[in-house]
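A short worksheet on the structure shown next.
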Amino acid sequence: MKLFGRNHDEARRNSHASTGITFAASGSHRITLGLARAENLASMLARSRASEVIEVADMLAGLYLSDWERLSPYWREADQDQIEEYLQQICDISPQRWHSWIELYDSERKSEDKRTRWNPFRKRQKPLSEGSPLHLSTALAEIFKHAGEIAPYSDIVEGRKVPILTVECVLLSIARTYGSEISRNLAATGLDIPRLERDAFFPKRGPLV
């Protein structure tokens, strides 16, 4: 059964209902709330593998799991099962466990929404994963750096101009890691890179939307 079929539309809407920007990101950049959620999920996936760092594959899976409705237009409907199977494979997650991650994340999101009313200027919430924060792998840190170089929006932090990273910028940076296995496999899944480039460089909505 297709995991993200019509029966899962409500779950997908709930998974990214809130919008905003996190104001407690690293000193080198800010990240949108959608990207923060993806990073939290990526951290959970990395911990499930007993890894000490978040890998590019974890981040890609986090983007997919947390904000599929936003990302799905970059694949033809006929190719969407393929990207799902590919991500399950590179993250070594069975379809059953994959579905469990979605249910867990959606449940935690609903609980958080009940506890606090959304305020775009509140501090970033503690990640869903337990323990001290994981570091980005060297490869993923380079991708975040490249995403900052192409980000169309910025913010002022302690008198410095820093980029605001979006989901589209990070996904594009992963796809642009030319020569990497993940980049090649993403291209093979039918990712519409020209459309992704347009949305990353010329977004139709600001980072608070």
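Coordinate-derived values only; no laboratory data. Here the structure is a predicted model, which means the values were calculated and not measured. A quick note on method: Cβ atoms are made from the backbone with ideal geometry, for glycine too, and the neighbour counts reach across all protein chains shown.
Summary of values
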{"quantity": "Distance between the range 49-95 and the range 145-208 - C-alpha centres, whole angstrom", "calculated": "16 Å"}
{"quantity": "Cα shape, the range 139-209, gyration tensor, a/c 1.5 rule", "calculated": "oblate"}
{"quantity": "Cβ-based net charge around VAL170, under 15 Å, with every Lys or Arg adding one and every Asp or Glu removing one", "calculated": "-4"}
{"quantity": "Protection proxy ranking of 68-80, 192-204, 134-146 - average other beta-carbon atoms within 10 Å, highest first", "calculated": "134-146, 68-80, 192-204"}
{"quantity": "Separation of the ASP192 and GLU149 label points, Cα + 7 Å toward Cβ, nm", "calculated": "2.7 nm"}
{"quantity": "Where only alpha carbons of the range 168-209 are counted, the Rg and the Dmax (Å)", "calculated": "11.3, 34"}
{"quantity": "Pairwise label distance in nanometres, SER51 with ILE156, each label 7 Å out on the Cα-Cβ vector", "calculated": "3.8 nm"}
